[in-house]
Amino acid sequence: MTNHNINFDEDLAMLEYYQAVGVNLAVEEKTIDRFADAKNNIENHKENNKQHTTPENKANISNIISQKKISQENVPQENITQQAKDLARSAKNLSELEELMKGFDGCTLKKRATQIVFCDGNPKSDIMIIGEAPSRDDDIEGKPFVGRSGQLLDRMLKAIGLDRSKVYITNIVAWRPPGNRNPTASEIASCLPFLHRQIELIKPKIILTLGAPAAHTIFSCKTPISKLRGKWQQFELNNLSIKTLDNLSIKTLATFHPTFLLRQPAQKAQAWQDLLTLKTALDELTNNA
Ligand code: URA
């Protein structure tokens, strides 16, 4: 089996698949005729055993996998983050930023995702909504919040007179985590400069974060979402040590994530209070305009 076009990720995925189905010997290019006469077969088998069942060869596939993983993991997170910062900072507008992010390989989520899920809504909006990560449906559609939690988000927005034409929606990571798990710290760190640059390019007057991971990322804290939600805080973009970024201070409100509200409908009452808080601030913006 020779396919010189197989790339690194396919190669690694194939090896992981072999390992999962119990293949623990490295095979060679030349196939062995298992139906040859019994004597040859036994001889071949003995020969194969001699060649392949040494402890070194038995560990072969596992070693190849771990070496490949190590070679990826070897790149320190600071370098990946720096690369992301350099790319993000060079983007003059949102479409350039999206293209640069598409070409960025520093976030490991990209390997398993169907496509980037960059944003939805109105880039000219005063309101930026930041969720956690694309779901399965979003990954397929290439748009944030199109699944069940997105439908609830749409209803929440409608309840205060908003819809997707009046808000800008994005996430802390732009690729779907496998199995919809939470993104890891390094996955978030790799995507964060692109989120910061989006904030700088959009310059929203208000940010609404959905759920704990988004609030923790924006506020750089680990305070439980039950304590963070419903209170205005200032998000200071000048604290981000990205030197070319503008100094921005943006009114930011955290609330529960729609997925959490689907699981815990009793918490919708508190989320409603948060939406009313948001609506009051939006009305003030409109009145002061
Ligand atoms: N879809 C998104 O785009 N973000 C979330 O946080 C959840 C679902």
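The values are calculated or read from the model by the stated rules, or taken from the named source; none is laboratory data. Note that the structure is predicted; figures quoted are calculated from it, not measured. Neighbour counts are summed over all protein chains in view; Cβ atoms, including those assigned to glycine, are modelled from backbone coordinates with ideal geometry. The protein model used for the area step is the full one, side chains on, heavy atoms only, and it has no ligands, DNA or RNA in it. Shrake-Rupley method; radii C 1.70, N 1.55, O 1.52, S 1.80 Å.
So here's what we get for this one:
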read-out: Lys111 paired with Leu248, simple spin-label distance in nm, labels 7 Å along Cα-to-beta-carbon; value: 3.2 nm
read-out: Solvent-accessible ranking of Thr170, Thr286, largest area first, probe 1.4 Å; value: Thr286, Thr170
read-out: Trp272-Gln234 pseudo-label distance in nm [points 7 Å out on the Cα-to-Cβ vector]; value: 3.4 nm
read-out: Packing rank of 97-104, 143-150, where each peptide gets the mean count of other beta carbons within 10 Å, highest leading; value: 143-150, 97-104
read-out: Cα-centred dipole magnitude for region 77-288, charges only on beta-carbon of K, R (+1) and D, E (-1), debye, nearest 20; value: 460 debye
read-out: Hz values of 3J(HN,Hα) by residue in region 166-179 - Karplus curve (6.51, -1.76, 1.60), Gly and Pro given as x; value: 10, 9, 10, 10, 8, 9, 6, 10, 9, 10, 6, x, x, x
read-out: Residue-level accessible surface for Lys85, protein heavy atoms, 1.4 Å, Å²; value: 40 Å²
read-out: Computed accessible area, Asp163, all protein chains, 1.4 angstrom probe, square angstrom; value: 70 Å²
read-out: Of Lys166/Lys205; Lys143/Lys227; Lys124/Lys166; Lys124/Lys268; Lys85/Lys222; Lys231/Lys251, pairs whose Cα-Cα distance is over 18 Å; value: Lys143/Lys227; Lys124/Lys268; Lys85/Lys222
read-out: 5 angstrom amide H check on Gly211, placed H, neighbours 5+ away; value: Thr255, Phe256, His257
read-out: Spin-label model distance (nm) - Arg136 vs Thr286, 7 Å beyond Cα toward Cβ; value: 3.9 nm
read-out: Amide proton proximity set for Ile129, modelled H, under 5 Å, gap of 5+; value: Tyr168, Ile169, Thr170, Leu208
read-out: Region 77-288, accessible area per residue, ligands and nucleic acids excluded (1.4 Å, Å²); value: 47 Å²
read-out: All-pairs Cα distance distribution in region 139-289, expressed in whole percent, bin size 5 Å; value: 2, 8, 17, 23, 23, 17, 8, 2, 0
read-out: Residue among Leu237, Ala281, Ser149 farthest towards the positive dipole end of region 77-288, charges placed on Cβ; value: Ser149
read-out: Label zone at Phe260, where the point sits 7 Å out along the Cα-to-Cβ direction: region 142-156 residues whose backbone N lies under 16 Å; value: 149-150, 153
read-out: Sulfur and carbon atoms: percent of accessible area, region 77-288 [1.4 Å]; value: 49 percent
read-out: List Asp154, Asp105, ordered by accessible area with a 1.4 Å probe, largest first; value: Asp105, Asp154
read-out: Amide H contacts under 5 Å for Cys107, placed H, 5+ residues apart; value: none
read-out: Sequence of Thr255, Thr217 when ordered by accessible area, the most exposed leading, probe 1.4 angstrom; value: Thr217, Thr255
